[in-house]
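See structure below.
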There are 2 protein chains.
Amino acid sequence: MSRTADRPAQEEALSRAVWEVLAHQGLERLTVRAVAAAAGCTTGLVMHRFPNRRALLRHARELLHETSRRRVEALEAAAGSPREALRAVLRQGLAIDREAINGSVVWIGFLAAAFADDELIEIHRRNNRLWRERLERLVGAAAPEWPAARVATVALALSAMVEGAAAFAAADPAAYPAAAQERMLDAALGSHGLAA
Amino acid sequence: MSRTADRPAQEEALSRAVWEVLAHQGLERLTVRAVAAAAGCTTGLVMHRFPNRRALLRHARELLHETSRRRVEALEAAAGSPREALRAVLRQGLAIDREAINGSVVWIGFLAAAFADDELIEIHRRNNRLWRERLERLVGAAAPEWPAARVATVALALSAMVEGAAAFAAADPAAYPAAAQERMLDAALGSHGLAA
DNA sequence: GCGTTACGGTAACATCCGTTACGGATACGG
DNA sequence: CCGTATCCGTAACGGATGTTACCGTAACGC
């Protein structure tokens with residue numbers, strides 16, 4: 001062996017650089033060179049870690065999903081009741097601080113990129129279906145007496161609302177302040193009889 | 001004068017070509033050459049009609065907004081009651097047929113592009129605020145007794161839900177069939193006491 | 001008809017892209 | 001210490017991109 005490079009750490013650093021570029025420069029400027037510059041290295045390292053640009057994007061997308069999954073599971077575990085868990089998980093999907101706004105911008109960038117990359121769209125669908133199952137499980141726990149069809153419909157309504165609000169806020173943070181998003185979430189939960 | 005070219009018609013045709021490329025090839029392949037090919041002309045015509053690529057995208061974005069505004073106003077005028085108008089306007093924002101799915105893909109593409117173009121994001125914000133005002137007016141007409149704050153909150157909840165559902169369906173049409181989206185809409189309207 | 005003028009296709013330009021090849025540097029095994 | 005294997009920065013390549021310049025061509029006024 002020669003000098004041991006921490007490959008997973010480098011891959012994560014490069015993935016974070018992808019998020020950075022996506023959040024602050026947009027999809028059109030998401031080039032290998034821009035990612036390398038954001039990571040403080042050269043294109044040589046990037047192309048040594050990943051066989052090509054698409055593989056880099058895929059890794060960054062997967063890591064983003066894994067990160068948000070862990071965050072959601074921590075919130076779910078820390079919640080005191082099913083309804084609190086549901087609200088906490090939905091709330092983290094909103095764009096209520098600068099970091100979450102950046103996350104939403106990145107999410108939109110990956111989605112737009114996925115329409116031109118079969119493997120990215122496959123990753124999106126897989127993750128989205130897991131997200132949907134989680135939401136249905138949380139709604140079912142929050143309203144145990146509901147039939148499955150109602151659970152599924154309300155879970156879709158809530159998850160779609162959160163995604164849409166995050167997109168709105170990402171594009172126009174001043175027009176969609178955190179308080180407005182939270183009022184929206186509580187109004188929706190309350191209207192469905194799911195208030196904690 | 002020489003041979004009179006129908007400039008507005010050409011600009012519209014080029015804008016439609018932009019939508020076409022955005023819907024079927026994605027933002028990354030949205031090049032001047034791809035737009036020209038989709039419009040059945042060469043880059044020469046494109047660059048004669050617009051000073052540069054960004055101006056072409058801006059025109060296509062504005063025209064898209066104007067088109068959907070006209071569609072929405074027709075639905076609103078044809079509705080028999082305020083609540084029917086609200087439902088019809090929200091329903092057209094869903095991705096319930098192939099054309100609407102394409103429209104949602106295009107919408108996401110423009111949004112992702114806007115994060116790298118100050119003028120595009122400005123157009124988005126202006127249009128989105130008009131959309132929001134329309135929704136608040138419709139919700140207010142559907143529930144005249146509500147205070148303004150509740151109207152605004154519910155309008156945000158409904159519009160965000162529709163946008164999110166359209167994004168979900170655009171990325172995974174098989175997982176979000178039209179019937180599921182409509183059930184979601186009716187469940188949300190019903191939960192807020194706005195069913196027709 | 002004919003000159004003029006707008007129109008738009010062709011082709012070139014500089015730049016940037018993803019990717020590849022190479023070579024210097026470095027840490028480990030012996 | 002030294003050979004060697006790995007790491008990664010450098011630099012180049014072919015191709016694509018936005019944009020510009022040029023020029024043939026077709027229609028209108030006279």
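Every read-out reported here was derived from the displayed coordinates using simple, explicitly stated rules and does not represent laboratory data. If you're wondering where the values come from, they're calculated on a predicted model, not measured in any experiment. Positions of Cβ are backbone-derived with ideal geometry, glycine not excepted, and every protein chain shown enters the neighbour counts.
If you scan the range A:163-177, which residues turn out to be more than 7 Å from chain B (Cβ to nearest Cβ), over 16 Å from B:Arg126 (Cβ atoms) and part of a helix (DSSP H, G or I)? If you could, list the steps in order and put the result at the bottom.
Taking the range A:163-177 as the starting set, the residues that turn out to be more than 7 Å from chain B (Cβ to nearest Cβ) are A:166, A:169-170, A:173-174, A:176-177.
Remaining after also requiring over 16 Å from B:Arg126 (Cβ atoms): A:166, A:169-170, A:177.
Hits for the range A:163-177 are A:Ala166, A:Ala169, A:Ala170.
Conditions (1) among the hydrophobic types (A, V, I, L, M, F, W, C); (2) near DNA strand C (Cβ under 10 Å from one of its atoms); (3) touching a Lys or Arg at 6+ places or on another chain (Cβ under 8 Å), marked per residue:
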{"site": "A:Gln25", "(1), (2), (3)": "no, yes, no"}
{"site": "A:Arg29", "(1), (2), (3)": "no, yes, no"}
{"site": "A:Met47", "(1), (2), (3)": "yes, yes, no"}
{"site": "A:Pro51", "(1), (2), (3)": "no, yes, no"}
{"site": "A:His59", "(1), (2), (3)": "no, no, no"}
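Would you mind finding the one in A:Ala180, A:Ala142, A:Ala148, A:Ala155 that is of a type in the set (Gly, Ala, Ser), within 8 Å of chain B (Cβ to nearest Cβ) and out of contact with any strand residue (DSSP E or B) (no Cβ under 9 Å at 6 or more places or on another chain)? I'd like the intermediate steps shown before the answer.
On the way: A:Ala142 fails: within 8 Å of chain B (Cβ to nearest Cβ); A:Ala148 fails: within 8 Å of chain B (Cβ to nearest Cβ); A:Ala155 fails: within 8 Å of chain B (Cβ to nearest Cβ).
One residue alone meets the criteria, A:Ala180.
All but one of (1) among the aliphatic types (A, V, I, L, M); (2) assigned to a helix (DSSP H, G or I); (3) closer than 24 Å to A:Pro177 by Cα hold for B:Ala100; which doesn't?
(3)
Select, from A:Glu145, A:Glu122, A:Glu84, A:Glu73, the only residue that is over 25 Å from A:Ala187 (Cα atoms), more than 16 Å from DNA strand C (Cβ to nearest atom) and of a type outside the set (A, V, I, L, M, F, W, C).
On the way: A:Glu145 fails: over 25 Å from A:Ala187 (Cα atoms); A:Glu84 fails: over 25 Å from A:Ala187 (Cα atoms); A:Glu73 fails: over 25 Å from A:Ala187 (Cα atoms).
Being over 25 Å from A:Ala187 (Cα atoms), more than 16 Å from DNA strand C (Cβ to nearest atom) and of a type outside the set (A, V, I, L, M, F, W, C) holds for just one of A:Glu145, A:Glu122, A:Glu84, A:Glu73, which is A:Glu122.
Of the numbered conditions (1) surrounded by fewer than 16 Cβ atoms within 10 Å (Cβ to Cβ); (2) under 15 Å from A:Arg61 (Cα atoms), A:Ala17 fails exactly one; give the number of that condition.
All conditions pass for A:Ala17, except number (1).
Just to be sure I understand, how many residues within the range B:110-120 are assigned to a helix (DSSP H, G or I) and crowded, with 19+ Cβ neighbours inside 10 Å?
Going residue by residue through the range B:110-120, those that are assigned to a helix (DSSP H, G or I) are B:110-114, B:118-120.
If we keep only those that are crowded, with 19+ Cβ neighbours inside 10 Å too, we end up with B:110-114, B:120.
Number of matching residues: 6.
Checking A:Arg137 against (1) touching a Phe, Trp or Tyr at 6+ places or on another chain (Cβ under 9 Å); (2) closer than 19 Å to B:Ala180 by Cα; (3) surrounded by fewer than 24 Cβ atoms within 10 Å (Cβ to Cβ): exactly one of these is not met. Which one?
Answer for A:Arg137: the failing condition is (1).
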